[in-house]
Amino acid sequence: MSNPLRLLSPDSQAGGAGESDPIHFDPAADAVDELESVSGVHAGYRRAHARGICCRASFLPSGKAAAFTTAPHLQEREIKAIVRFSGSSTDPGLADLLSPAKGMAVQFLLPEGGRTNLVGVTVPVFFARTPQSFMEMLTTLNRTRAGRMSKSEALKNFARHFGESRQSLLALKRLKPPVSYAANLYYCIHAYLLVDDEGRRRPVKFEWIPDAGVQTLSIHEAAAQPDDYLESELRTRLGEQPASFRLSIVLGEEGDPTDDPTKRWPSDRRRIDAGRLVVLEPVDEPAGLVMDPTVIPDGVALSDDPILRFRRDTYAESFKRRSAEH
Ligand code: HEM
């Protein structure tokens with residue numbers, strides 16, 4: 001069967017594949033091509049969440065998750081970490097106020113070597129259920145903006161996906177500009193599985209709850225801020241004292257969807273307070289940093305969420321391109 005993603009983006013075959021050409025089959029490259037079409041190529045930058053700031057951090061696990069998982073960062077030992085806060089835009093020059101959601105990506109440096117990443121954003125759900133619908137929505141957006149798709153066709157395409165993207169669009173609409181990167185609640189969105197020492201698996205989701213509380217600005221206050229106010233605010237804040245977050249693990253129950261990042265679980269699910277992340281000081285970005293959310297240690301497993309699994313190759317593709325540029 002032909003690649004459904006490829007069929008959705010025939011324009012990227014510009015130049016024309018002749019009959020003897022090999023068939024191109026690279027959904028991750030297609031996805032990154034589409035991300036690049038949103039605001040052009042910004043050499044050296046991530047193809048999404050382009051603008052950001054890295055910090056040195058330390059995670060102090062509470063030990064309460066240890067009954068559910070053998071994962072080394074969720075036992076009792078303190079773990080060093082790198083955090084990258086970001087704006088979600090593909091354009092590193094876009095003002096903080098204009099980039100819709102914010103990101104917080106944490107890389108835990110595991111005691112026996114190796115790493116694992118937890119990547120969150122300020123909305124609880126994603127707008128696409130599958131890589132195919134992600135691509136269809138993004139190509140529709142890009143082609144409409146470039147005048148290559150009529151508005152009525154675009155509306156038809158978006159309407160087809162409205163059911164899955166509705167919650168995410170509502171959450172984006174409700175978002176107010178944050179006072180600080182340190183004053184947001186970040187949702188890691190996807191389900192994962194925690195695996196205990198007897199191999200039992202339990203579906204979970206992760207959230208970072210700010211000790212500073214969620215604090216927002218009015219649009220007037222935000223409009224008076226410099227374009228990069230979130231980075232300068234964080235530098236000033238950390239110059240005075242560390243910022244911190246609790247890692248909250250939401251325990252899924254029978255019937256909670258693990259394969260659908262557009263759906264939330266019921267709000268009464270039991271939670272474990274798994275520990276506290278202390279963000280210490282801004283640092284230069286470490287070489288080779290890729291916050292791939294599928295990099296997990298023993299004691300954690302990936303769920304059957306197709307978007308989660310798709311992210312591995314797209315993050316690698318974005319890294320390949322940006323690290324070859326200056
Ligand atoms: C089809 C789904 C998705 C695609 C194709 C995608 C694509 C990308 C790409 C290409 C990057 C830049 C990677 C790099 O160069 O290191 C990125 C970064 C990021 N994405 Fe996604 N993403 C997807 C879903 C999500 C979801 C569901 C979340 C929410 C948790 C998310 C949150 C982030 C964050 C926070 C970053 C910045 C990471 C950092 O600071 O290094 N993405 N994404």
Does any residue of the range 213-229 turn out to be surrounded by fewer than 18 Cβ atoms within 10 Å (Cβ to Cβ) and within 14 Å of the ligand (Cβ to nearest atom)?
-> no
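I'm trying to understand the selection: among the residues of the range 315-326, which are open to solvent by 40 Å² or more (accessible area, probe 1.4 Å) and either at pLDDT below 95 or not in a loop (DSSP other than H, G, I, E, B) (or both)? Walk me through it before giving the result.
First pass over the range 315-326, keeping only residues open to solvent by 40 Å² or more (accessible area, probe 1.4 Å): 315-316, 319-321, 323-326.
The answer is Tyr315, Ala316, Phe319, Lys320, Arg321, Ser323, His326.
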Looking only at helices (runs of 4 or more DSSP H) that fall completely inside the range 119-229, which ones have 1 or more residues that are at pLDDT 95 or above and under 21 Å from Ser86 (Cβ atoms)?
-> 131-145, 151-174
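Are there strands (runs of 3 or more DSSP E) fully within the range 230-314 with at least 3 residues that are more than 15 Å from the ligand (Cβ to nearest atom) and open to solvent by 50 Å² or more (accessible area, probe 1.4 Å)? List them.
On the way: elements: 243-251, 271-283, 300-302.
By residue number, 271-283.
Touching a helix residue (DSSP H, G or I) at 6+ places or on another chain (Cβ under 6 Å), farther than 14 Å from Ile307 by Cα, open to solvent by 10 Å² or more (accessible area, probe 1.4 Å) and among the hydroxyl-bearing types (Ser, Thr, Tyr): is that true of Thr130 in this structure?
On the way: touching a helix residue (DSSP H, G or I) at 6+ places or on another chain (Cβ under 6 Å): yes; farther than 14 Å from Ile307 by Cα: no; open to solvent by 10 Å² or more (accessible area, probe 1.4 Å): yes; among the hydroxyl-bearing types (Ser, Thr, Tyr): yes.
When the stated conditions are applied, Thr130 does not pass them.
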Out of the residues in the range 91-124 that are within 30 Å of Ala224 (Cα to Cα) and touching a Lys or Arg at 6+ places or on another chain (Cβ under 6 Å), which is farthest from the ligand (Cβ to nearest atom)?
-> Pro92
Report, ordered by the first and then the second residue, all pairs with beta carbons closer than 6 Å, sequence separation of six or more or different chains, a first member in the range 121-140 that is among the acidic types (Asp, Glu), and a second member that is open to solvent by 30 Å² or more (accessible area, probe 1.4 Å).
-> Glu136/Leu8
Which condition does Lys80 not pass, out of (1) within 22 Å of Val32 (Cα to Cα); (2) over 19 Å from the mean Cα position of the chain (by Cα); (3) assigned to a strand (DSSP E or B); (4) not acidic (Asp, Glu), if it passes all the others?
-> (1)
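The values are calculated or read from the model by the stated rules, or taken from the named source; none is laboratory data. Just so we're clear, the structure is a prediction, and the values are computed from it rather than from any experiment. So basically every Cβ, Gly included, is an ideal-geometry build from the backbone, and we count neighbours across all protein chains shown. Quick note on the areas: whole protein, heavy atoms, side chains included, nothing else; ligands and nucleic acids left out. Shrake-Rupley method; radii C 1.70, N 1.55, O 1.52, S 1.80 Å.
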